[in-house]
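> Starting off with a structure, shown below.
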Amino acid sequence: MDYHSLIKRWTALPAQDLLDEIFTSYGTRAALGTSFQKTGLVAIDLLSRHRQDFRVFTIDTGRLFPETHAYMQAISERYRLALEVFSSDANDVADLLATSPYGEYLFLESAALRQECCYVRKVLPRNKALRTLDVWLTGVRKDQSSFRGTLRKVEVIEFEGRPILKVMPLFDWTQEQIDDYIRKRDLPVHPLYAKGFATIGCQAPCTTPSLPGEAPRNGRWRWEKSGLKECSLHLDKFDDGAGI
Ligand code: SF4
């Protein structure tokens, strides 16, 4: 496949056209992965305007907020989604917790254990989803953090020896555009936004409400000094397609 040309063309397409083309071309080999934050909601709404047969998956880390479970259920009913939920194997979590006297809170012990927790609770379940896909869509946007600004709207990632297209259809949308779309379409957002959260992931202390004026991702892992506000889901090796 000429990934280089495909990436160039898809990068130039507006979100709705891009979503339409991907699901028309790839069908069930494409899926939107979402944690049910605002960008994921907009992507689901855009998709639902033109089709009903699109796959959506989420990752249950075992430490999600109760509000997230309730909201996932409500959105699935609203859009009639056959939501696919991927989670860690119980043995993997048990082995993880046994590595530290902190147990469930082992992420407080060191940055390495925090990354390991994210790997077991997020990346391994995500990998189960990727094994079924040729195109993985995510709600990442470039204005969410300085790191995310370095990503690309369309990438080819190497996964278990084969290429997968990773697409961020709303990569160029600003927070204002997302909020504007939600307002115009009168969409119900995750209830934790009303409690001051600008990013929503695992329960405290991993995700906390935002302080005035700070970048949304700063609400994650506040005790860490590294400043890397990522959990490895978006740290895959990528390629511009030219060499594949
Ligand atoms: S966000 Fe926290 S609880 Fe969730 S997987 Fe990462 S370290 Fe573990």
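The values are calculated or read from the model by the stated rules, or taken from the named source; none is laboratory data. Computed from a predicted structure; not experimentally measured. Note that we place each Cβ from the backbone using ideal geometry, even for glycine, and neighbour counts take in every protein chain shown. To get the accessible areas, we keep the full protein, side chains included, count just its heavy atoms, and leave off ligands, DNA and RNA. Shrake-Rupley method; radii C 1.70, N 1.55, O 1.52, S 1.80 Å.
Let's see how each residue does on (1) among the aliphatic types (A, V, I, L, M); (2) closer than 25 Å to His190 by Cα; (3) assigned to a helix (DSSP H, G or I):
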{"site": "Met72", "(1), (2), (3)": "yes, yes, yes"}
{"site": "Ala82", "(1), (2), (3)": "yes, yes, no"}
{"site": "Asn91", "(1), (2), (3)": "no, no, yes"}
{"site": "Ala94", "(1), (2), (3)": "yes, no, yes"}
{"site": "Ser100", "(1), (2), (3)": "no, no, no"}
{"site": "Lys128", "(1), (2), (3)": "no, no, yes"}
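> Out of segment 90-101, which residues are within 11 Å of the ligand (Cβ to nearest atom) and more than 23 Å from the chain's Cα centre (by Cα)?
Across segment 90-101, the qualifying residue is only Leu97.
> Within segment 25-33, can one find any residue that is open to solvent by less than 40 Å² (accessible area, probe 1.4 Å), within 18 Å of the chain's Cα centre (by Cα) and within 16 Å of the ligand (Cβ to nearest atom)?
Yes; the residues of segment 25-33 include at least one that is open to solvent by less than 40 Å² (accessible area, probe 1.4 Å), within 18 Å of the chain's Cα centre (by Cα) and within 16 Å of the ligand (Cβ to nearest atom).
> Now for a separate question. For segment 122-131, check the following and say yes or no: at least one residue is over 21 Å from Ser210 (Cβ atoms), in contact with a strand residue (DSSP E or B) (Cβ under 6 Å, 6 or more places away or on another chain), β-branched (Val, Ile, Thr) and open to solvent by less than 50 Å² (accessible area, probe 1.4 Å).
Taking every residue of segment 122-131 in turn, none turns out to be over 21 Å from Ser210 (Cβ atoms), in contact with a strand residue (DSSP E or B) (Cβ under 6 Å, 6 or more places away or on another chain), β-branched (Val, Ile, Thr) and open to solvent by less than 50 Å² (accessible area, probe 1.4 Å).
> What do you reckon, is Asp45 over 18 Å from the mean Cα position of the chain (by Cα) and either at pLDDT 95 or above or surrounded by fewer than 18 Cβ atoms within 10 Å (Cβ to Cβ) (or both)?
No; evaluated as a whole, the condition is false for this residue.
> Hey, can you tell me all the residues within segment 134-151 that are in contact with a helix residue (DSSP H, G or I) (Cβ under 7 Å, 6 or more places away or on another chain), in contact (Cβ under 8 Å) with a residue 24 or more places away in the chain and either part of a helix (DSSP H, G or I) or open to solvent by 20 Å² or more (accessible area, probe 1.4 Å) (or both)?
Residues satisfying the conditions are Asp134, Gly139, Lys142, Asp143, Gln144, Ser145, Arg148.
> Also: Pairs please, first residue from segment 119-133 and under 17 Å from Gly62 (Cα atoms) and more than 9 Å from the ligand (Cβ to nearest atom), second anywhere and open to solvent by 50 Å² or more (accessible area, probe 1.4 Å) and part of a helix (DSSP H, G or I), Cβ atoms under 9 Å, 6+ apart in sequence or on different chains.
Leu124/Asp92
> Take the residues of segment 184-220 that are under 21 Å from Glu77 (Cα atoms) and aliphatic (A, V, I, L, M): which is most open to solvent (accessible area, probe 1.4 Å)?
The selected residue is Val189.
> So the check is Cβ under 7 Å with 6+ separation or different chains; which pairs have a first residue in segment 207-223 that's part of a helix (DSSP H, G or I) and a second one that's of a type in the set (Phe, Trp, Tyr)?
Gly219/Phe197
> Further question: For a quick check of your reading of the model, give me the residue pairs whose first member lies in segment 175-196 and is without any contact (Cβ under 8 Å) to a residue 12 or more places away in the chain, whose second is part of a helix (DSSP H, G or I) and β-branched (Val, Ile, Thr), with beta-carbon atoms closer than 9 Å and at least 6 apart or on different chains.
What qualifies is Gln177/Val42.
> Looking at segment 48-72, which of its residues are under 18 Å from Gly139 (Cα atoms), more than 15 Å from the ligand (Cβ to nearest atom), open to solvent by less than 50 Å² (accessible area, probe 1.4 Å) and not hydrophobic (A, V, I, L, M, F, W, C)?
Selection gives Ser48, Arg55, Tyr71.
> Okay, next question. Tell me, which residue of segment 160-205 that is part of a strand (DSSP E or B) and within 16 Å of the chain's Cα centre (by Cα) is farthest from the ligand (Cβ to nearest atom)?
Per the criteria, the residue is Leu165.
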